[in-house]
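Below is one structure, written out as structure tokens; the observations come after it.
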Amino acid sequence: MLGLKRSAALATIVCVLLAGGRAALAALGQPSPWQLGMQQSVTPVMDNIVWFHDFLLYIITAIAGLVLVLLLIIMVRFNARSHPIPTRTTHNTLLEVAWTTIPIVILLVIAVPSFKLLFFQLIPPPADLTVKATGKQWYWSYSYPDNGKFEFDSLMLKGSELKPEQPRLLAVDNEMVVPINKNVHVITTGADVIHSFAVPSFGIKIDAIPGRINETWFKATREGVYFGQCSELCGKDHAFMPIAVRVVSEQAFATWVEEAKKKYATKETLPVNLAAAQTTPR
């Protein structure tokens, strides 16, 4: 009876901890203290990643449970005390066929949704908006090729600059702004060394390589600010290179674009006619 009470108490504690972990996930777009599992999903890609993660967890648990049961059976039935004369069986056709075919079937069951998820992640749908993210040492620069000639840098805020609701080491001075429920095509490159653009709530992670363009995409379904970090060891300030994406309504995004065109307008430089410059007057 005492053992049952202790088991019930232990189960209650585990449930409370799990509930606390789920509650910790309530803070969208950033990690939470004592968080269990991944950050809450806000994109179709991340929804699929979470589903696939849970699907694999069931398979792994079943395999681990089966192996544990087999080990216990062997320990109980085939130890020297209960089975002093060992069997001399060397082959069992049915068993050998089973332990060959069952793992193949399991791998096929895993492969089908895995390939579907890879195609879903890597083949962007028609874009409603394109954002270019350039990794630099050690900050990000963003431009919007479809919305005008402007570009801005996004640097991490220092502790003294943070507002009460802004997370330490993740908040930035200029956030990347995108509209809700739109396919955002992100193209990445590096200005100096290899960086990696990653936002966990979006389910995206792509390298930013100098001299090369990579691409990814997301479709945020909830407004808010979502944080990520450079996920490639890129130098001494690698840990201080956060990513902040603000998802807003279409109207708010249109207003922001008009303000950004004035605030972050890039200066056009006229081409220099070197031949004319080098010609000396007679």
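The values are calculated or read from the model by the stated rules, or taken from the named source; none is laboratory data. Keep in mind it's a predicted model, so treat the numbers as computed, not measured. We place every Cβ from the backbone using ideal geometry, glycine too, and count neighbours over all the protein chains shown. The accessibility values were calculated without ligands, DNA or RNA, using every heavy atom of the protein model including side chains. Shrake-Rupley method; radii C 1.70, N 1.55, O 1.52, S 1.80 Å.
The alpha-carbon of Lys116 sits under 29 angstrom from the alpha-carbons of these lysines, leaving out residues fewer than 8 places away in its chain: Lys132, Lys182, Lys205, Lys219.
Across the stretch 95-106, computed HN-Hα scalar couplings (Karplus, 6.51 cos²θ - 1.76 cosθ + 1.60, θ = phi - 60°) run 5, 5, 5, 5, 6, 8, 7, 4, x, 5, 4, 4 Hz from first to last residue, x flagging Gly and Pro. Here the Karplus curve 6.51 cos²θ - 1.76 cosθ + 1.60, taken at θ = phi - 60°, turns the phi angles of the stretch 235-248 into couplings of x, 5, 9, 4, 6, 10, 10, x, 10, 10, 10, 9, 9, 10 Hz, with x standing for Gly and Pro. Computed from backbone phi with θ = phi - 60° and the Karplus coefficients 6.51, -1.76 and 1.60, the 3J(HN,Hα) list for the stretch 132-141 is 9, 10, 10, x, 10, 8, 10, 6, 10, 10 Hz; x is used for glycine and proline. Look at the Cα gyration tensor of the stretch 66-114: its axes a ≥ b ≥ c give a/c of at least 1.5 with a/b at or below b/c, and that counts as oblate. Using a/c under 1.5 as the rounded threshold, could you call the stretch 153-269 rounded, prolate or oblate? The axes a ≥ b ≥ c are square roots of the C-alpha gyration tensor eigenvalues, and prolate needs a/b larger than b/c, oblate otherwise. Rounded, because the longest to shortest axis ratio a/c is under 1.5.
Amide hydrogen proximity for Val131: with H placed 1.01 Å from N in the peptide plane, the residues at 5 or more positions away or on another chain lying under 5 Å are His185, Val186, Ile187.
With all protein chains in place and a 1.4 Å probe, the accessible surface of the stretch 88-174 carries 63 percent carbon and sulfur. Close amide H pairs (under 5 Å, H built 1.01 Å from N) link Gln40 with Gly29, residues at least 5 positions away or on another chain. Amide H to amide H, with H built 1.01 Å from N, Phe150 comes under 5 Å of Tyr144, Thr266, counting only residues 5 or more places away or on other chains. As a rough guide to protection, the peptides 241-248, 83-90 ranked by mean Cβ packing within 10 Å, highest first, stand as 241-248, 83-90. Going by the alpha-carbon gyration tensor, a ≥ b ≥ c the square roots of its eigenvalues, is the stretch 26-134 rounded (a/c under 1.5) or, if a/c is not under 1.5, prolate (a/b greater than b/c) versus oblate? The shape class here is oblate.
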